[in-house]
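What follows is calculated from the coordinates using simple rules that are stated; it is not laboratory data. Everything numeric in this text was worked out from a predicted model, so none of it was measured. As a convention, Cβ positions derive from the backbone with ideal geometry for all residues, glycine included, and neighbour counts pool all protein chains shown.
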Amino acid sequence: MLHKLTIHELHEKIKNREITAKDIASDVFKRIEAADGKVKAYLSVTRDEALKQAENADKEIKAGSVKALTGIPIAIKDNICINGIKTTCASKMLENFIPPYDATVITRLKNNGYVLTGKTNMDEFAMGSSTENSAFGATRNPYDLERVPGGSSGGSAAAVSADECIAALGSDTGGSIRQPAALCGVVGMKPTYGRVSRYGLVAFASSLDQIGPITKDVTDCAIMMNTISGHDKCDSTSADVSLPDFTKALKKDVKGLKIGIPDEYFIEGIDPEIEKSVMDAVKLLESMGAKSELIKLPHTGYAIAAYYILATSEASSNLARYDGVKYGFRAKGKDLIDMYMETRAKGFGSEVKRRIMLGTYALSAGYYDAYYKKAQQVRTLIKRDFDEAFKKVDVIITPTSPTPAFKIGEKTADPLQMYLSDIFTISVNLAGVPAASIPSGFTKGNLPIGLQIIAKPFDEETIIRTAYAFEQSTDYHKKRPSI
């Protein structure tokens, strides 16, 4: 049953020589064999690679060297490059692409002795909120196989939730770590923009994308943040700021913590069970000495419109490289132009094409000022809303998602309904601030509910402190689906 344990629990057992890295890897792969036929969290499982890494880890352990992630099986979202391992972005366009280098986060995991379980499913090029846009089939929610796990990091969240790995990496452009973490009942953190290197992350929207951890509890989140964070000269947007030890923020003490509750996040249409769960969480933190007050984030209502102009514009620009010439899928054509058109028509799925067209339109001559420039101005106003709020409060608490996991196929015919599932997460990416989702309860139908904690830039420590205090006073993070 080693697959059910956390990073810190396994680390203690490894340190005390109770188990080997090979024991853990074998147990996790047995679990993947048993569960993944139903969940479909993985696009590729790297068993041979993992057993080699586990053997190396065991040699290090014998030599007396045990790092934070030595022998820990971790899954990686399939838009993060690993040297020699297929990286598809869940797209036909990159179906056979094998990167010749490691992303910086992978180098850091390797230096800390991790074991790679495989690459997880996602919405194609990270565009979606349900992992139904994958070219290789949908992932299912471990709590209810008829429902979505959220997206776009749905495979990573489902793998952690179903104990098919010990932790995972995802990427978050508009909620793609936090929303699936909420829907699958696990912990997911989007770090401050620039805190974690994006080198080796296949770009969707470069000014919004961030890599972050998905874990079983808050302690594991802090351990993963310690490993993947830090300045990187390969990423020009990486912030050269001092790096704290995030595990030192794991304190139960929230005395004097000021919590902001934004009016704009408790809107008509939010599931009443989710609203109650979030407000109960605030009351619990207040009973531990925190104080809460209502705050205003007045430009929240414009976030989705601004996001779907900026993100699609950047996607249109970033995805122009997939033309069938340099690498990836190539269709036959009568001439060069015909080959370009056929390649993009057949290589991209419908959601990716929709976003490329929206972005190309927003950037086109005559519309640039009306759309792209205006959206950037709105983004600045949203950022200022957060700056003002953080003059008065230490953290902002909101629901992560307005509804629990919805049925597979329920929103695919209506893109606008799908886009609205990220209504509470998008502003965080536009402002570049850090946020995490932690389990805060279950609906009557036994579906997980997520609580979002937001802090000022580079203050992930206060998020971890608040999340840990809440987690240690509840049992929601200990519950696992019965799959």
Which trypsin sites (Lys or Arg not before Pro) does region 174-279 hold that lie in a coil by DSSP with at most 16 other beta carbons within 10 Å?
K233, K251, K252, K255
Restricting to lysines and to Cα separations under 20 Å from K374, and discarding same-chain partners fewer than 8 apart, the set is K383
For region 330-483, the spread of Cα positions along each principal axis, largest first, Å
66, 45, 25
The extension gain from M1 to V325, computed as 0.36 nm times the residue separation minus the Cα-Cα distance, is 111.8 nm
Check cross-link reach from K258 to the lysines: straight Cα distance under 17 Å, and skip same-chain residues fewer than eight apart.
K283, K291, K296, K391, K392, K456
How far apart, in nm, are two points set 7 Å out from the Cα along the Cα-to-Cβ line at K479 and at K374?
4.4 nm
Overall Cα dimensions of region 32-92 - principal axes, largest extent first, Å:
44, 28, 19
I need the shape label for region 1-117. Rule: rounded when a/c is under 1.5, else prolate if a/b > b/c, else oblate, with a, b, c from the alpha carbon gyration tensor.
oblate
Amide hydrogen neighbours beyond the local backbone of R147, cut-off 5 Å, H modeled
N141, I408
In region 1-67, the GluC sites (Glu not before Pro) that fall in loop regions by DSSP, at most 12 other Cβ within 10 Å
E18
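A389: net charge of surrounding residues, Cβ under 14 Å, Lys/Arg +1, Asp/Glu -1, itself excluded? Working shown, then result.
Numbers: positive: K258, K296, K383, R384, K391, K392, K456; negative: D263, E264, E293, D385, D387, E388, D394, D459.
Here the charged neighbours net out to -1.
What is the Rg over Rh value, at two decimals, for region 151-224, using alpha-carbon atoms and the Kirkwood definition of Rh?
Numbers: Rg = 11.3 Å, Rh = 11.9 Å.
On the Cα set of region 151-224, Rg over Rh gives 0.94.
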Reach of K119 by Cα under 21 Å, taken over lysines that are not fewer than 8 positions away in the same chain:
K4, K22, K30, K38, K40, K52, K77, K86, K92, K110, K190, K216
For the chain, averaging the sequence separation of alpha carbon pairs under 8 Å that lie six or more residues apart and dividing by its residue count, the contact order in percent is 17 percent
Name all residues of region 75-99 having a backbone nitrogen under 17 Å from the label point set 7 Å from the Cα of K59 along its Cα→Cβ direction, giving them as ranges.
none
